[in-house]
Amino acid sequence: MFLQKLRVVRLIGVVSVVRFVLYRALLKLGVFKLLTPMRETSLRTSLKIEAISGCPRSIPSNSKVIEVAEELTNGFFRQFGWRKIRVKKESVELAVNGKNYERHWSDVNLSELEDVKLVWDISRFSWVPTLSSAYLMTGDLKYLRTMQNWLSDWTKNNPVNAGLNWVCGQEVSIRLLNYLTGVTALTHSFFDIEEVEEFVLTHCRRVRPTILYSISQDNNHAVTEAAALFIGGVWLRQFGQNRKVKIEGCRLQEKGRKILEERINRLVLSDGGFAMYSVTYHRVVLNTLSLVEIWRKHFSLNSFSLGYQEKCKVATRWLACVVDKESGDAPNLGANDGSNPFVIEQLEYRDFRPSIRLAGILFLKENLFPSAIEGEILLELFKIKNRLSSECRFSQYAGDLPASGLFVARKELKDSKIATCFLKYPVYEYRPAQCDALHLDFWVNGENLLRDGGTFSYNAKGDLGRKLGSVESHNTAQFDYHDQMPRISKFLLGNWLRCGEKKVVSTSNGFETFSVSYLDRFGCKHHRCVEFNESHLVISDHLSGFSSRAVLRFRLPMGNWSLRENIVKNDKFKFIFTSNVEITRISLLEDLESRYYFQIDNIIVIEVEIREQGFVRTKVVFEL
C-alpha cells in the first residue's frame with residue numbers, strides 16, 4: 001500500500017501534494033480559526049417587501065419555474081434535482097445539524113453524517129434565483145415572502161463560520177453565486193445594500209484562505225471558488241459602500257480571474273473534456289463558466305484570455321458531443337453528486353440540453369438546440385438579449401476523444417432514429433474516480449441499452465458505494481475477483497491504468513471499428529474491439545493473463561429479458577454470445593444502478609464467464 005501511495009503521489013504531482021499537506025498543517029495548527037473567525041451575530045438578509053409598490057420589470061413566464069416556486073412556498077424542496085422533501089413552510093430545517101451547530105467549521109467531522117450533501121444541497125440557495133424569477137414572471141409577492149422567511153431562518157441557524165454549511169469552500173461559493181444572482185435580478189432596491197455587502201464579504205473571506213486546498217485537488221472546486229471570488233469581487237467593486245471595500249473587491253475580482261484562467265487552461269483537456277472524467281461534473285463546470293460570462297457581459301468587463309475562451313468553446317462542444325439530442329440525457333460516466341447549479345430552468349435533472357444551449361449562445365454564438373429547450377432565463381435576469389438567428393446548428397462530433405479516453409460512434413437508422421456507442425478507455429492525466437476501463441455505453445433512439453452503474457452517495461453504507469464505482473458496475477471484463485485499480489481512499493485509486501495498443505476508426509462495408517486494450521497490475525490483459533453498423537453491434541473481447549476466471553458484464557434496463565442457450569433477448573434487442581473456448585456460464589441477474597444522486601433502481605445484468613484464455617464475441621442486434 002505504501003508503494004502504491006508513492007506511485008499515486010508521482011501521478012498526482014508533487015506540487016498538488018505539497019499544497020494539500022500545507023493545507024492540512026494549517027488546519028491542524030488552527031490557522032483557519034484566526035483567518036475565518038466565528039461570529040456570535042448572524043448575517044442579515046432582509047427584503048424590503050412592505051416598501052415594494054410594484055414589480056419593476058417582467059420576464060417571460062416559465063411553467064416549470066412557477067411549479068417549483070409553488071412547491072417552495074408550500075414547504076417542499078427538490079433535493080438533487082429530483083427528490084422532493086418536506087421542510088417547514090417558514091424554516092429551512094435541513095440547513096443545520098445540531099451536533100455541529102456551535103463548532104468552528106474546521107472542527108467539524110463530516111464522517112459523522114450519513115451523507116453531508118443531504119444538508120448541503122438546500123444550503124446552496126438554488127431556491128433564491130428560482131423565487132426571484134417566479135416573482136419577476138408573476139409579480140406575486142408570496143415568492144419574495146418565502147425567500148425572506150428561508151433566508152432569515154438560514155442565517156439565524158448558521159452563524160458565520162460555524163457548523164456544516166461553512167466547511168466546504170465550494171458550497172460557500174455556490175451559495176454566494178446563487179444569492180447574488182437573485183439580488184442582481186431583483187435589483188438592489190429590494191435589499192439593504194449594507195446587508196448584501198456583509199453577506200458577500202463574509203463568504204469571500206471564507207473562500208479565499210482555503211482555495212489553496214481546492215487547487216490541490218485538480219477538480220471542479222477551485223473553478224467554482226474562483227468564480228465566486230471573481231463575481232463577489234465584481235459586485236463589491238461596483239456597489240461597495242466605501243473605498244476600502246471597493247479596493248478589496250478589486251483584489252478579489254483579479255484573484256478570481258487569475259485562478260479561473262489558470263484552472264480552466266489546465267483542467268479542460270485538449271479535446272474539451274474535463275479532468276474529472278464525469279459527464280455531470282462537466283456540466284457543473286460549464287454552468288459555472290456560463291454564469292461568469294454572463295456577469296462579465298452584464299458589467300461590460302474585459303474579456304478573458306483567448307486561451308480561456310477557446311477552452312470554454314471546446315468544453316461546450318464536448319458536452320454537446322455526448323448528449324442524446326432527443327431525450328437530453330447522456331452516459332452516466334464518472335462520479336455524479338447530483339449537482340446542476342445556476343441553470344434555473346427546472347427540467348429533468350438528466351436533461352443536459354439547457355446547459356448546452358446557454359453555453360452555445362455565450363461561447364460559440366450558436367443556437368445548438370431550438371428555443372423550446374430553454375436555457376435562457378439567466379440571460380433574461382441579467383438583461384442580455386440572444387440576438388442569434390433562430391436557426392438551430394446542432395452538429396454532433398463522432399470519433400476519438402483521446403485526452404478524455406472516449407470513443408464515440410453514431411449511426412443513423414431507419415425513420416431518422418440514431419444509435420450511439422461510447423467506449424471508455426484508460427487515459428488518466430488526472431485522478432480516475434471509477435474502475436470503468438473499456439466500459440461500453442450504448443444508446444438506441446434515446447434508450448440507454450448498455451448502462452453505467454452511477455454513484456448513489458459519497459458515503460453509502462455497506463458495500464453499495466464500493467460496488468457502484470468498481471468494475472462490477474460497468475460493461476466490461478472483471479478478471480478473477482479483483483478490481484481494475486485498488487482503492488486507496490474514498491476519492492483515490494492506485495495503479496492507474498494506461499491503454500495499450502489503440503486503433504482508431506476505420507470504415508469498411510458500413511462498419512465503424514475501434515479497438516483498444518489495457519494491462520493491469522496482475523498481468524491480466526483485456527483487448528476490446530467494437531464494430532458498429534446500422535443494424536448491429538459486434539464486441540470482440542480478448543481476455544488473457546487471469547488465474548481462475550474472467551467475467552464479462554452487460555448492464556441492461558429492466559424488461560422482459562429471456563435467456564436460451566447462448567442468446568439473451570427481448571422484443572427489441574438480441575445478444576448472441578460465441579467464443580473460441582468453453583463459456584462456463586451465462587446468467588441473467590438483477591443488480592442496482594443510480595442515475596440520480598441518492599436514488600437506487602433495479603437493472604438486469606448479463607454475466608458471461610470463461611475459465612481459460614480466449615475471446616468472447618458478443619453480437620447485439622438492435623434492428624429487429
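Here is how the numbers come out for the structure above:
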read-out: Net charge dipole size for the chain [Lys, Arg +1 and Asp, Glu -1 on Cβ; Debye, nearest 20]; value: 1660 debye
read-out: Helix 14-29 vs. the chain, principal-axis angle (Cα, 0 to 90°, nearest 10); value: 50 degrees
read-out: Relative packing of peptides 148-161, 383-396 - highest average C-beta neighbours within 10 Å first; value: 148-161, 383-396
read-out: Largest to smallest principal axis extent of the C-alpha atoms in region 285-419, angstrom; value: 47, 32, 30
read-out: Region 223-297, dipole about Cα centre (Lys/Arg Cβ +1, Asp/Glu Cβ -1), debye to the nearest 20; value: 420 debye
read-out: Kirkwood Rh and Cα Rg combined as Rg over Rh, evaluated for region 142-259; value: 0.97
read-out: Accessible surface, region 298-344, averaged per residue in Å² (probe 1.4 Å); value: 34 Å²
read-out: Spatial separation of Cα centroids for region 225-272 and region 107-137, in angstrom; value: 23 Å
read-out: Aspartates and glutamates with Cα under 19 Å of Lys365, excluding same-chain neighbours fewer than 8 positions away; value: Glu293, Glu310, Glu374, Glu376, Glu380, Glu391
read-out: Per DSSP, loop trypsin sites (Lys or Arg not before Pro) in region 409-493 with at most 11 further Cβ within 10 Å; value: Lys461, Lys490
read-out: Cα convex hull volume per residue for region 375-478 (Å³); value: 192 Å³
read-out: Gap separating the Cα centres of region 23-75 and region 155-188, nearest whole Å; value: 5 Å
read-out: For region 364-464, accessible area per residue (1.4 Å probe, heavy atoms of protein chains only), Å²; value: 40 Å²
read-out: Most to least packed among 310-318, 284-292 [average Cβ atoms within 10 Å]; value: 284-292, 310-318
read-out: Residue-by-residue Karplus 3J(HN,Hα) for region 125-133, coefficients 6.51, -1.76, 1.60, Hz, glycine and proline x; value: 6, 4, 6, 5, x, 5, 5, 4, 4
read-out: In Hz, Karplus ³J(HN,Hα) per residue of region 329-338 (6.51, -1.76, 1.60; θ = phi - 60°; x = Gly, Pro); value: 7, 8, x, 8, 6, x, 5, 9, 10, x
read-out: Net +/- balance of residues flanking Gly30 in space, Cβ distance below 15 Å, scoring K and R +1, D and E -1; value: +3
read-out: Sequence-distant residues sharing a close amide H with Phe382 (under 5 Å, placed H); value: none
read-out: Alpha-carbon radius of gyration plus Dmax, which is the widest Cα pair, for region 527-624 in Å; value: 14.3, 42
read-out: Pairwise Cα inverse-distance average, inverted: Kirkwood Rh of region 200-304 (Å); value: 14.0 Å
read-out: Surface/4 estimate of mean projected area, convex hull on alpha-carbon atoms of the chain, nm²; value: 28.0 nm²
read-out: Residue-count net charge about Asn580 - beta-carbon cut-off 12 Å; Lys, Arg +1, Asp, Glu -1; value: -2
read-out: Farthest toward positive dipole pole in region 259-353 [+1 Lys/Arg, -1 Asp/Glu at C-beta], among Asn287, Leu347, Val268; value: Val268
read-out: Stretch gain in nm, segment Asn602-Asp571, where the contour uses 0.36 nm per residue and the Cα spacing is subtracted; value: 9.2 nm
read-out: Cα pair distances of region 496-556 binned at 10 Å [whole percent]; value: 20, 44, 29, 7
read-out: Relative packing of peptides 571-581, 197-207 - highest average C-beta neighbours within 10 Å first; value: 197-207, 571-581
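The values are calculated or read from the model by the stated rules, or taken from the named source; none is laboratory data. Small disclaimer: the values here were computed from a predicted structure and weren't measured. In this analysis, Cβ positions are derived from the backbone assuming ideal geometry, glycine residues included, and neighbour counts consider all displayed protein chains. Only protein heavy atoms, including side chains, enter the accessible area calculation; ligands, DNA and RNA are left aside. Shrake-Rupley method; radii C 1.70, N 1.55, O 1.52, S 1.80 Å.
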